[in-house]
Amino acid sequence: MEAGPDGTVAEAGGETGLEAESDGAPPQSLSDGGAEASSIGNGSDAGMGGSDANAASASDANAAGEDADAQSQSDVSAPVNPAAEAMQTRADQALSALMLNFWPSLRSNTTVYDWMYAHYWDAVLDATERRGTNAFSGTARMFFELQAERGWLDGFYDDENWITLALLHAYKVTGDATYLNQAKVVFADIMKAWDTTCCGAHPGGLWWEKPTTGKVTAINAGAVISASRLYEDTNDASYLAFATKAYDYWSTYMVDATSGHVYDDINNAGVINTTWSFTYNEGLFIGAVVELAQATGDTSNMPLAHQVATYMMSHEIETTPQGTILSDGQCGGDAEMFKGIGARYLRELYETDTSHTEYRDFLERSGDAAWTLARDPSSGDISCDWAGPYDPTTGVVGSLGSGAIALAAAAEALGPGAQRPSQAYEAEEGDLHGIGLEASYAGFSGWGYLAGWNGDGQSVDFLVDVPSAGQYQLAWRYAASSDAQRALSVNGQLLDASIAFANSGGYTNYLTTTTTATLPQGRSTVTLAFSSAQGSSGYLNLDRLQLTAQ
């Protein structure tokens, strides 16, 4: 739920109350090997290490065989643009901060719809697209499972559409039809929002709030994007017809074609709000034009998208030492997320015509400002106004999510980044069930590790992909201050009831234990679980899984 036709702006997380602030040090880059540790309180096993916490650095007992464990998470086989990789790393760090600082509070909400949650999910999927299919593969499914607990339908159609877009993004990234099928279910409810009885002299458009309150850009332009993508994914002409109908109405009555300003809303009395100017309105309309053009092959409306982009870059801005940047002013509440949405679709427009280098440069300046002016180095949080300075009152999950999305958009505009090492899966990017995320002890290979699991019902699923069926070595990198055991399953079948994880000598000392499994070609789910019935015991900080064909 965003800014509505009555002029109210809901507080970010107002439907969830999820505005916890970080209490830890900055999380590490996905490529820094945990050179400095960060902390996030999570009721975990971090404190179990005793004096090991004072160790200056991590050391592997089997260092000679641990070259793969020590390698950077941004190893590459081909050179990348240094400026692009630098921005990619910033996007990585913003996302890891979001997960370390805010995932516990996000996970605790199993009942209340949260429209921003879809954008955090999108940020995770962005990382998979940027870094490779083995990046955040389990996290993406974890977001799906939590939304399933919360429920897929809501009292606001635009909230449902954000979730639809995240589901379609997940389908694009993974090819898993589960996401597409759920998107179709949610969008079927959205299609019920079309109305021709309201509002004013030109009835039409989609309702914002159920059953019949106002009509806003967030759902009308947003639904064009979703319907266009659904058409491309299913070849169902009814989606294209719906997208065209929604676009024709909104572009005719709710966009100033001369200035490029996209109006926020029209109320039930037919009064159009021409005053409000929010970055996400322009961004969504740009996305609507681009997606519909891609679906139809008709690019005749693209000049309007460029006009809207010009408006965004000349009116919704602030001037900083970096130059002009994207801005919604001294923002708060729902506006914490707006700029990330605007940046996402400006980057999409840039991809259609890279001769518009002014878009790339604007995204880069905005990302630079968010990182250097509005970020708190001690926590990794980013506040809402990217012109800075950092403001702890808006340095909340919505602002950080928006910053992560914008940094990813800037990175993608600058060029591809380094890809993850083949068959390496960070434990903290698995599908977690009752296990904590942590980055307190140095030596981990990605941006954290799993901790605080010593009870039944706690497990992690790794979604692994292999090019051919056969036997694979599974190498588990971990730290422990006492012996531990865990049960291993592959695709739901118990493979080893009690894998032994020997005492590594403390939580800053890492060992690797190995087992083997026969995997089918393609995707498998590898599960490591605590099961007292199978003899599981002991605390364990799990860092990474590395697969090697035998």
What number, in percent, do you get for the relative contact order of the chain if the mean sequence gap of Cα pairs under 8 Å and at least 6 apart is divided by its residue count? 21 percent
Where nothing but the Cβ of Lys and Arg (+1) and of Asp and Glu (-1) is charged, how large is the charge dipole of segment 350-419 around its Cα centre, in debye to the nearest 20? 140 debye
Long-range HN-HN contacts of S327 with modeled amide H, under 5 Å: I317, E318
Extending each Cα 7 Å along its Cβ direction at S482 and E351, get the distance between those two points in nm, one decimal. 5.0 nm
Find how much the distance from T296 to Q471 grows on full extension, using 0.36 nm per residue of separation minus their present alpha carbon separation; answer in nm with one decimal. 58.4 nm
Listed by chain and number, the residues whose amide H is under 5 Å from that of K215, excluding neighbours fewer than 5 places away on the same chain and using placed H, are W208, I266
Whole angstrom only: what separates the Cα centroid of segment 156-171 from the Cα centroid of segment 436-463? 29 Å
Along the dipole axis of the chain (charges at Cβ: +1 for Lys and Arg, -1 for Asp and Glu; origin at the Cα centre), the most positive-end residue among Q307, G287, S327 is G287
Once phi for every residue in segment 217-223 is put through the Karplus expression 6.51 cos²θ - 1.76 cosθ + 1.60 (θ = phi - 60°), the whole-Hz ³J(HN,Hα) values, with Gly and Pro written as x, are 4, 3, 8, 6, 6, x, 5
Would you mind computing, in nm to one decimal, how far apart the modelled labels at E149 and T196 are, each placed 7 Å from Cα along Cα→Cβ? 4.4 nm
Alpha carbons only, please: Rg and Dmax for segment 424-549, in angstrom. 13.4, 37
Over segment 80-414: Rg over Rh, Cα atoms, Kirkwood Rh: 0.94
Lys/Arg +1, Asp/Glu -1 at C-beta; the chain dipole; positive extreme among A469, V124, L167: A469
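Which net charge results for the neighbourhood of G138, defined as the other residues with beta-carbon distances under 10 angstrom from its beta-carbon, given Lys and Arg at +1 and Asp and Glu at -1?
With Lys, Arg at +1 and Asp, Glu at -1, the neighbours total -4.
What is the ratio of the Cα radius of gyration of segment 181-225 to 2.2 N^0.38 Å, where N is its residue count, to two decimals?
Dividing the Cα radius of gyration by 2.2 N^0.38 Å gives 1.16.
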Through the Karplus equation 6.51 cos²θ - 1.76 cosθ + 1.60, θ set to phi - 60°, convert the phi angles of segment 517-526 into ³J(HN,Hα) values in whole Hz; use x for Gly and Pro. 8, 8, 10, x, 4, x, 8, 9, 10, 9
Which order do the peptides 136-149, 337-350, 86-99 take when ranked by the mean count of other beta-carbon atoms within 10 Å per residue, highest first? 337-350, 86-99, 136-149
Where Lys and Arg each count +1 and Asp and Glu each count -1, what net charge lies around L463 among other residues with Cβ under 11 Å from its Cβ? -3
Just report the Cα centroid separation between segment 481-546 and segment 204-252, whole Å. 47 Å
Could you run the Karplus curve 6.51 cos²θ - 1.76 cosθ + 1.60 with θ = phi - 60° over segment 197-214 and give me ³J(HN,Hα) per residue in whole Hz, x for Gly and Pro? 9, 9, 9, x, 6, 10, x, x, x, 9, 5, 8, 10, 6, x, 8, 10, x
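Read-outs throughout are calculated quantities, based only on the coordinates presented, and are distinct from any laboratory measurement. The shown structure was predicted, so the numbers you read here are calculated from the model rather than taken from an experiment. Glycine gets a Cβ as well: all are built from the backbone with ideal geometry, and neighbour counts include every protein chain shown.
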